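What follows is one structure encoded as structure tokens, with my remarks underneath.
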Amino acid sequence: MTDTPTTLRRDGRIAVITLASPPVNALGSAVRESLRDRIAEAGADEAVGAIVLTGSGKLFSGGADITEFGKPPRGMGLGELLDIIETSFKPVVAAIHGQALGGGLELALACHHRVATPSAKLGLPEVKLGLVPGAGGTQRLPRVVGPQKALEIITSGQPVGAKAAQAMGLVDALTGADTLVADAVAFAERVLAEGQASPRIRDRDDRIAEGRDNPGLFEAFRKANAKKFRGFEAPEGCIRCVEAACNRPFAEGMAFERETFERLMHGAQSIAQRHVFFAEREAAKIPGLGKDTPTRAVARVGIIGAGTMGGGISMNFLNAGIPVTIVEAKPEALERGLKTIRRNYDGSAKKGRITAADVETRMGLLTDSLDFADLAACDLIIEAAFEDTDLKRTIFEKLDAIAKPGAILASNTSYLDIDVIAGMTKRPQDVIGMHFFSPANVMRLLEVVRGAKTAPDVIATAMALGRRIGKVAVLVGVCHGFVGNRMLEQRQREANKLILEGALPQDVDRVVEGVGLPMGPFAMSDLAGLDIGWSAETSKGESVRDILCEQDRRGQKTGRGFYDYDENRQSTPSSEVDAVIRQVSERKGIARRTVTDQEILERCLYPMVNEGAKILEEGKALRASDIDTVWINGYGWPVYTGGPMHWADAIGLDTILARMKAFEAEHGPEFTPSALLEKLVAEGGSFAGYDKAARNAG
Ligand code: 3H9
């Protein structure tokens, strides 16, 4: 590590300027000022003919310093700095390794040439922060790759690999994997020898002509992506900026981009999306568990249960190159599970997400067995069997007998008490919850459940492993349903009450989906199956669910549930269900009334926030932002409102408390406000403030 955020050294006629601002060479004010000075120094030095600009550490640059956003601007803006670089008479070559993201790629685009290692990635992820690129990315990129490719890159935020970047003209040459700077210096020498003027992207017109000649391109792009962009403001901003790049002079396009960037940066969506960015990283930090906490080596994972969950969980490890032994009790179930895994991989290969060779490599890492004893060599064993305490007892007692010393014994239970499970073994310190979300190979959330006796290195290992397999791991405490399902129960309860009071399933779903959630409570029940936890023998035929199940309306799988489904799984409201609901209301003596959308929203979502506050109060989540992370990654809460706790802050906790009190008076103790909610309102506080205070105290 150096004291200055950039360094300059001479290599013959080439000045090599290196960004040296760990961890990600973010372009904060100190870096910008320092880089300006280095460029000036190299410019003034007559012995210097050209400049190579590179990054130290793992990457070129992670872009603008996000922590500066929303605060008063400091020093020279990135746009001004890039102007200086682009108008430099001495050619500047960006030498890229690791990543060049956001402002990092914009910096590279202001240089006259770009070279990159083959593994480098280049992208403009600003859209994921609710922003448009704000330092010329939307104006320069289309001039290099054309408007269509630029739209794809900018609105997806997905980086492209160096080879693809070279093919589209974004990178001029690939360097050796370990010879980046030397190759970049040689490249700069060649540029000098050729004696050509420094080419400036702003002067290029050839590629953007495509946008001018074919204005329908933008409308077609909007249409094709309407579903993906629904609810988000930034993608439309990105499209308009690329349109401006094609239709207006460079300076005007830049001004339009700047305006759009500023507007979005101060808007609620970007504030929420930046909150989510930091929340996900914060979730990895566990008070009392420093970076030096040892982790246990995990070279082989055992999975018990080859059902939907077990299979999905296995795929995560196989994808990360970690061998898996999967054990089932019955040969048919094992065979079915293996077939599903292969079918999923074949499906991904067909869609071009992985190659046929990848499928074989991954399947090759999978060992199947009907014998528990085969788990003896595993470093981590995850039980994904049915939610039945007796069954878990049998499994964990067996595991205790065969697992090697130091192996981590995890349960994927959604509700059961990890301490009770730990008590089934003689090694409670090695037992932990690893709660995956369905489909387990897709959903990013992993709730890591800490038991009373779980050892620190077991927690650290589970958290690190979560990251290794591409999950967002959130540490939670033992309670019914942990964080996610515990809060979900509040919503489900109210949804079921609301339909008896006068709303219909489609009303409740419309309101919940209107907030941006992918599925309302009834659509979700239909997807999961209404008969989960229901049996014909014990059905009392009293609740709406009982009756629907008895009528074989068990959800999507039977083509009918709360809704009717056609062969494409499109739903329509059902008059039969309507009649059942009315009949149950009547039988229970509930007079149906008009339920407003606002009431549906408040009754479904405010108790969730209140439950979140209780979870914090009880220490079952470390921070409000962890709860947001759970909901965004496990339940599809829209990232542009930042998660339920951030959303609640934005509404105002006083408003939520007042409504909870009114509902409590009307409907009873299910709405009793949590002590924390009361306290925060009394102090004029917020969940963000609560987290900040905890961070400062820690
Ligand atoms: C932009 O560029 C706007 C411009 O268009 C216009 C400006 C006018 N700023 O992710 P990690 C922190 S917008 C500040 O765990 P990895 C992060 O919080 C920006 N801090 O590492 C964490 O801190 P801590 C567009 C940042 O190796 C630490 O660095 N760029 C920034 O897994 C390590 O992060 C992006 O959106 C930042 N830009 O992944 C890229 N980036 O240790 C955002 C990271 O205290 N960054 N930090 O928790 C990333 O995607 C990943 O960090 C990266 C490294 C891939 C670079």
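Which of the following residues is open to solvent by 10 Å² or more (accessible area, probe 1.4 Å) and not in a loop (DSSP other than H, G, I, E, B): Tyr640, Tyr606?
Working: Tyr606 fails: open to solvent by 10 Å² or more (accessible area, probe 1.4 Å).
Step by step, each of Tyr640, Tyr606 is checked, and only Tyr640 is open to solvent by 10 Å² or more (accessible area, probe 1.4 Å) and not in a loop (DSSP other than H, G, I, E, B).
Out of curiosity, is Gln166 outside any loop (DSSP other than H, G, I, E, B) and open to solvent by 40 Å² or more (accessible area, probe 1.4 Å)? In short, yes.
Within the range 520-547, the set of residues being open to solvent by less than 10 Å² (accessible area, probe 1.4 Å) and not in a loop (DSSP other than H, G, I, E, B) comprises Pro521, Phe522, Asp526.
Out of the residues in the range 135-147 meeting the condition of being within 13 Å of the ligand (Cβ to nearest atom) and in a loop (DSSP other than H, G, I, E, B), tell me which one is surrounded by the fewest Cβ atoms within 10 Å (Cβ to Cβ).
Residues of the range 135-147 that are within 13 Å of the ligand (Cβ to nearest atom), as a first pass: 135-141.
Cutting the leftovers down to in a loop (DSSP other than H, G, I, E, B) gives us 135-136.
Details: Ala135: 30, Gly136: 27.
Applying the filter and picking the extreme gives Gly136.
Checked against (1) closer than 30 Å to Pro73 by Cβ; (2) more than 29 Å from the chain's Cα centre (by Cα), Pro133 passes all but condition (2).
Whether a residue is modelled with pLDDT of 95 or more, farther than 30 Å from Ala268 by Cα and either of a type in the set (Phe, Trp, Tyr) or not in a loop (DSSP other than H, G, I, E, B) (or both) was assessed, and Ala150 does not pass this test. Counting only helices (runs of 4 or more DSSP H) that sit wholly inside the range 247-323, those with at least 1 residues that are out of contact with any strand residue (DSSP E or B) (no Cβ under 9 Å at 6 or more places or on another chain) and of a type in the set (Phe, Trp, Tyr) are 250-265, 268-282. For the range 55-91, the tally of residues that are open to solvent by less than 40 Å² (accessible area, probe 1.4 Å), away from the ligand (no atom under 11 Å from the Cβ) and touching a Pro at 6+ places or on another chain (Cβ under 9 Å) stands at 1.
Assessment of the range 595-603 against the conditions (surrounded by 14 or more Cβ atoms within 10 Å (Cβ to Cβ), more than 33 Å from the chain's Cα centre (by Cα) and either assigned by TED's automatic domain parsing to the domain that holds Ile547 or part of a strand (DSSP E or B) (or both)) yields no matching residue. Within the range 534-574, the set of residues being out of contact with any Leu (no Cβ under 9 Å at 6 or more places or on another chain) and of a type in the set (Phe, Trp, Tyr) comprises Trp534, Tyr563, Tyr565.
Specify which of the listed residues (Val52, Val132) is away from the ligand (no atom under 12 Å from the Cβ) and crowded, with 21+ Cβ neighbours inside 10 Å.
The match here is Val52.
From the residues in the range 643-685 that are hydroxyl-bearing (Ser, Thr, Tyr) and surrounded by fewer than 18 Cβ atoms within 10 Å (Cβ to Cβ), which one is farthest from Arg493 (Cα to Cα)? For the range 643-685, the residue satisfying everything is Thr655.
The values are calculated or read from the model by the stated rules, or taken from the named source; none is laboratory data. Just so it is clear, the model here is predicted, and its values are computed rather than measured. When we count neighbours, we look across all protein chains shown, and the Cβ atoms used for this are built from the backbone with ideal geometry, even at glycine. Side chains are part of the model used for accessible areas, which takes the heavy atoms of the whole protein and leaves out ligands, DNA and RNA. Shrake-Rupley method; radii C 1.70, N 1.55, O 1.52, S 1.80 Å.
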